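Working notes, structure below.
The values are calculated or read from the model by the stated rules, or taken from the named source; none is laboratory data. These numbers were taken from a predicted model, which means no experiment stands behind them. Cβ atoms come from the backbone with ideal geometry, glycine included; neighbour counts cover every protein chain shown.
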């Protein structure tokens, strides 16, 4: 696999942020910066190809079922990583909060659900834009740190709280948390990780050509 240089990775992060901001202005961009963009970065994902497809199916099925059940009175982002699902966004009441969780829990292949839905009004466009910018700053911090593989993480930001997802070691988790925690504007960091041992991580690393 061809190795991406750090300047190219930084440019990729900038393109991600610009594209997401453009979508946000049109009103339909999720506040998430993920781990797979283009063939090279997909190959760097620590999930199996089957798990990646399952995660995409979980997100699509969950979103469709939520829309069918509760319509537009809620704003729910569904983010699945290795079949562990994060629910973020806003709902008008506790009944809807629980209903959304039940809907997603019933989707095929869902392993667990982390329900971070807030019972408040939906954020303004400026608030959502601020969250997206925070995701970009955290992602840039991961890219700039040579001890982290930024493609191993999914970053979701809601109302200043950064949610980190991925298959990582305890060392990587602590380092990523510290980078996110000390990023300007971040209010809190929530970790939703699948943990690997250092030996498991080594087995996932690309082997040098002989």
In region 74-98, residues that are under 14 Å from residue 118 (Cβ atoms) and in a loop (DSSP other than H, G, I, E, B) total 4
Selection from region 103-160 of residues farther than 26 Å from residue 48 by Cα, free of Cβ contacts under 8 Å to residues at least 40 places away in the same chain and surrounded by fewer than 17 Cβ atoms within 10 Å (Cβ to Cβ) yields 119, 120, 121, 124, 126, 127, 160
Check region 99-114 and report whether any residue there is assigned to a helix (DSSP H, G or I), touching a helix residue (DSSP H, G or I) at 6+ places or on another chain (Cβ under 8 Å), at pLDDT 95 or above and not assigned by TED's automatic domain parsing to the domain that holds residue 62.
no
If we ask which residues in region 176-203 are surrounded by 13 or more Cβ atoms within 10 Å (Cβ to Cβ), touching a strand residue (DSSP E or B) at 6+ places or on another chain (Cβ under 9 Å), assigned to a helix (DSSP H, G or I) and in contact (Cβ under 8 Å) with a residue 24 or more places away in the chain, their number turns out to be 3
Exercise for review: Answer yes if at least one residue in region 155-172 is more than 16 Å from the chain's Cα centre (by Cα) and farther than 21 Å from residue 85 by Cα, and no otherwise.
Suggested key: yes
Filter pass, residue 164 being closer than 20 Å to residue 46 by Cβ, outside the structural domain of residue 191 (by TED's automatic domain parsing), at pLDDT 95 or above and not in a helix (DSSP H, G or I)
no
